[in-house]
Amino acid sequence: MSGFSLLRGLRVLEVAQLAPSSVGGHLADLGAEVIKIEAAPGGDPVRVGGSRAVGGPDGPAFLHLRWNRGKKSVALDLRTPEGRTAFLDLAAHCDAVIEGMRGGYLDWLGVGYDELRRVNPKIVLCTVSGMGTDGPYRGLGTGGPVFDAFAGLRAVDTPDDPPADGVAGSTSPPIAMYALGAYGAMGLLAALHRAAATGTGCRVEVAGIDIAAAWMPDLVDAELNRDRSVHRPGWLPDGRLPDWPRLEAYRTKDGAAILFGAHVEKFWHNFLTAVGRDDLAAVDLTGTDEQAPARAELVWRALTEIFAQRTRAEWVEVFLAHDIAGGPVNTVTDLLTDPHFLARRTTYRTGHDAGDLEFLVSPVRVAGEAFAPALPPEVGADTATVLREITGYDDVRVAR
């Protein structure tokens, strides 16, 4: 099975490696039949990417187990006439193709959009790349951190002495790399919606650098329109609100942390009543005069002392009981034991040679349906079955 049933009946042909494989991953999670074209013997490099291998040193990577779960794998060499013919024969029976390599890869092979449209006028081609298909950098090989760095989304340090901690050693995930799949799936499904209405397919494109740039409208759009915008009254010169202590993280009694989210007046007054500190309501946290930073620091110090009096779990209970906005600050380890995380049944189990494995479910939830997709297939595991059932190839042609 391939996840939920929402996209059951949709067939997608995927030629993708690494992060672009997540586009088909989202679609498979929602029920689409995703046929992944891979080159034997190694297949998608994401199969062995990352520092952790499951079951042994040569075992699969967690990104592979997430992004390629629920798919079928067909081994074709698209550099050969036989491989290209088989690819187009499959495309004739598919709704969409994902091109998740450098932009123009399928054109270079001679099986690009023009050829796809010839065999299937309704087909949608979703091109997913790092730099896109035009512009002077279109030929650059890229990866996740490059997208964020290009758009100014990632802080990158260049120290004089090692070790550097800005990219390879960073614990900050590459935002655009992980968002790539969601944007690609959204664009592909929107194009399919139009193709169903018009009978004509189209080509859509998603580039990692565009996603990174689009992630920050309050920065990029503001810079684009710098001469047509003004400083909004009520903000401090450093870009913070004068009541910033009401939207801040604080250390708790147990050494953990809580994120306080009482920027809204209702939550702020509910909090002050709950902790018996109505005196803090008299501190002006709206003005932006010269004394505003001092007043904010006064409140911040008071809140630091208040939050240190209870544990993180106790503060969550206070927030719930008194209608106060905020929530726990978790590490990944904390998250997996958080009672809210556990109550939402956010994981599922599946069998593996290394023993039962546990994974996160899709962020999309479907009422009445359980989520438990199959593990990713071995490279080429479905080649013969797919070619026989979809294209009608006999055993001789499958072998060829």
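The values are calculated or read from the model by the stated rules, or taken from the named source; none is laboratory data. All of these numbers come straight from a predicted model, not from anything done at the bench. Cβ sites come from the backbone with ideal geometry, for glycine too, and all protein chains shown count toward neighbours. We work out accessible area using only protein heavy atoms, side chains counted, and drop any ligands, DNA or RNA first. Shrake-Rupley method; radii C 1.70, N 1.55, O 1.52, S 1.80 Å.
Take the residues in the stretch 52-102 that are hydroxyl-bearing (Ser, Thr, Tyr) and not in a loop (DSSP other than H, G, I, E, B); name whichever of them is nearest to Asp382 (Cα to Cα). Before the answer, list the steps.
Step one: list which residues in the stretch 52-102 are hydroxyl-bearing (Ser, Thr, Tyr), which gives 73, 80, 85.
With the extra rule that they be not in a loop (DSSP other than H, G, I, E, B), the set shrinks to 73, 85.
Working: Ser73: 5, Thr85: 17 Å.
Once the filter is applied, the top-ranked residue is Ser73.
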Would you check which residues across the stretch 37-86 are within 19 Å of the chain's Cα centre (by Cα) and charged (D, E, K, R) and list them?
Asp44, Arg47, Arg66, Arg69, Lys71
Cβ-Cβ under 6 Å pairs, at least 6 apart or on other chains, the stretch 135-149 side of a type outside the set (Gly, Ala, Ser), far side at pLDDT below 90 and assigned to a loop (DSSP other than H, G, I, E, B):
Arg138/Gly103; Pro145/Val167; Pro145/Pro174; Asp148/Arg154; Asp148/Pro174
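Check Leu219, Leu192 and return the single one that is touching a residue at least 24 places away in the same chain (Cβ under 8 Å), open to solvent by 80 Å² or more (accessible area, probe 1.4 Å) and in a helix (DSSP H, G or I).
Numbers: Leu192 fails: open to solvent by 80 Å² or more (accessible area, probe 1.4 Å).
Step by step, each of Leu219, Leu192 is checked, and only Leu219 is touching a residue at least 24 places away in the same chain (Cβ under 8 Å), open to solvent by 80 Å² or more (accessible area, probe 1.4 Å) and in a helix (DSSP H, G or I).
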Of all residues in the stretch 64-91 being open to solvent by 30 Å² or more (accessible area, probe 1.4 Å) and free of Cβ contacts under 8 Å to residues at least 40 places away in the same chain, the one that is farthest from Thr391 (Cα to Cα)
Arg79
Quick check, is Asp107 in contact with a helix residue (DSSP H, G or I) (Cβ under 7 Å, 6 or more places away or on another chain), within 30 Å of Arg397 (Cβ to Cβ) and not in a loop (DSSP other than H, G, I, E, B)?
no
Out of (1) over 25 Å from the mean Cα position of the chain (by Cα); (2) closer than 30 Å to Leu357 by Cβ; (3) part of a loop (DSSP other than H, G, I, E, B), the odd one out for Asp160 is which?
(2)
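Residues that are exposed (fewer than 12 other Cβ atoms within 10 Å of the Cβ): which helices (runs of 4 or more DSSP H) entirely in the stretch 302-400 hold 1 or more of them? Talk me through it step by step, then tell me what you get.
Numbers: elements: 312-322, 332-335, 339-343, 383-386, 395-399.
Filter on the stretch 302-400 gives 312-322, 332-335, 339-343, 395-399.
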State all residues of the stretch 20-30 that are open to solvent by 10 Å² or more (accessible area, probe 1.4 Å) and either more than 20 Å from the chain's Cα centre (by Cα) or hydrophobic (A, V, I, L, M, F, W, C) (or both); if no residue qualifies, say none.
Leu30
Please find, among Ala185, Ala155, the residue that is open to solvent by less than 30 Å² (accessible area, probe 1.4 Å) and either of a type in the set (Gly, Ala, Ser) or not in a helix (DSSP H, G or I) (or both).
Ala185
Close pairs from the stretch 346-375: first under 17 Å from Gly55 (Cα atoms) and aromatic (Phe, Trp, Tyr), partner open to solvent by less than 40 Å² (accessible area, probe 1.4 Å) and in a loop (DSSP other than H, G, I, E, B), Cβ under 8 Å, at least 6 apart
Phe359/Arg69
